[in-house]
Every structure is written in C-alpha cells, then in structure tokens.
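Remarks on the structure that follows.
Values quoted throughout were computed directly from the atomic coordinates according to the rules given, and no laboratory measurement underlies them. Just so you know, these numbers come straight off a predicted model, no measurement behind them. Cβ sites come from the backbone with ideal geometry, for glycine too, and all protein chains shown count toward neighbours.
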C-alpha cells in the first residue's frame with residue numbers, strides 16, 4: 001500500500017495554523033497503530049473517531065510508524081503549536097516503555113524466534129524421516145513452536161513492567177506520564193491500545209495494562225484501556241493480514257467507538273470538547 005504524506009508530515013489533510021471558528025482540534029499521537037499501516041485513510045481510527053465526535057471536532061492523524069513514547073512526547077509540543085491545538089490523545093502500546101540492554105537482547109531473541117520458526121519447523125520435520133509426510137505432526141509441531149514463542153513474548157512484556165527487571169524504565173515512564181499531564185495550555189489523555197493477540201480467552205497482558213493505567217492515574221493523566229473493547233473478538237479477524245498483525249479497518253472502528261464513547265461520557269473533566277474559552 002502506498003501512503004500519501006502531507007507537507008506537514010502527516011498521513012492526513014493539510015491544516016491551517018488554527019482550527020476554524022467553533023471547532024476543536026485534537027491531535028492523536030502514536031506509532032503505526034495510529035498511522036494506520038495496511039488500511040486506507042478513511043478506515044483509520046483517527047478518521048473514524050472524527051466522524052463519531054461530530055462536525056465541531058477535527059482529529060489530526062499524527063501517527064508515525066517506528067515511533068516510541070519517548071519520541072512521541074518530544075514531538076508533541078511542537079505538533080500542538082504548529083496545529084494550533086490544545087487537545088492531545090497519546091496512544092500507548094505495551095512496548096513503548098524504555099528498557100535496558102538485557103531486555104533488549106531478549107527482544108531480539110523473540111523476533112528471531114518469530115522470523116525463523118518456519119525454518120526450524122522444516123528442520124525438525126526433516127530430522128524425523130519416518131514422520132516426513134505427516135501433516136498431523138507438522139501441525140502439532142507448529143502449534144507447539146508458536147505456543148512457546150507466545151509464552152516467551154508474554155513473559156518478556158511482563159518483565160518490562162516488573163521493577164525487578166526494569167526499574168529505571170518504569171521510573172522514566174512515570175515521569176513521562178507526569179510531563180504529558182502537565183503540558184502547558186493543553187488537555188491530554190492516554191489511550192492504551194492492546195496487542196491484537198489472545199483476545200478470545202482474555203487479554204494476556206491485562207496485568208501490564210493495569211500497571212500502566214495505575215501509573216497514568218498517579219500522574220493525574222486520564223487513561224482509557226481499549227483492551228476490554230476487544231475482548232471476545234476473533235483475534236485473526238482484527239489483523240491486516242495473517243503475517244501482519246497491525247489492526248485492520250474493523251479493529252480501527254472498534255477502537256474509535258470506544259474512545260468516542262469515553263470522551264463524550266467524560267467531556268467535562270477530560271477534553272471538554274464542547275466548552276469554549278478554556279485551554
């Protein structure tokens with residue numbers, strides 16, 4: 001898919017220096033989940049959210065693939081100034097917390113396991129000549145390999161939020177949340193977007209989301225966890241492709257609906273989208 005980027009560096013239309021009279025402009029910052037990798041612009045979470053919030057609200061897609069929370073926070077003040085906006089939605093993914101060398105090495109191991117699993121399965125298959133033509137064995141072997149990769153991946157994400165393994169990263173994240181909450185002349189909220197894995201039986205990173213939510217609230221930063229909105233969904237039906245687990249149009253619509261309902265039900269204390277004369 002080809003992506004058109006505006007002169008302002010956004011996967012979006014070009015915006016004037018200030019929102020039109022009577023309009024609120026909300027900047028949505030995040031990585032490829034916000035950008036909308038694999039889906040057309042009209043199906044992204046941002047466009048769907050704008051439609052749901054009504055004609056008095058503009059929602060800017062400031063998502064950029066490859067970004068992390070540190071880079072997003074650094075870019076946010078300038079984005080708000082350039083766009084004349086005083087409302088910010090920061091979308092957070094579980095791997096947005098910073099971490100040290102030991103966890104970085106493990107991250108590479110996890111991605112290596114994912115990228116070479118087919119090779120390993122093929123080698124395992126060929127080493128067992130008597131099972132070479134067994135589709136059942138191949139299926140069982142693949143299931144076991146994928147289950148192992150899944151367990152190790154969940155364990156890695158869990159360690160990211162365990163002070164025993166990542167105290168410095170968690171301390172830095174707490175300070176970042178406080179900075180977001182205190183951006184001058186801006187009302188900010190945090191949205192936790194789940195990894196699109198294991199949604200049918202219960203989200204495997206529920207404890208991670210609970211910790212992040214607690215940290216955000218400690219910083220007095222309003223937070224919405226999107227995981228409950230996805231629970232019970234067929235996970236594979238949320239993906240752009242079986243080999244690309246970015247959210248598809250259906251997943252973007254679910255996220256947008258949950259965010260819109262949350263903002264509208266908490267309007268006075270959150271973005272105050274319909275209140276004039278306030279920053």
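Per-residue counts of other Cβ atoms within 10 Å, averaged by peptide: what ranking do you get for 240-251, 191-202, highest first? Walk me through the numbers on the way to the answer.
Working: 240-251: 16.2, 191-202: 18.4.
With the highest mean Cβ count within 10 Å placed first, the list reads 191-202, 240-251.
Per-residue counts of other Cβ atoms within 10 Å, averaged by peptide: what ranking do you get for 57-68, 14-25, highest first?
Ranked by mean Cβ neighbours within 10 Å, highest first: 57-68, 14-25.
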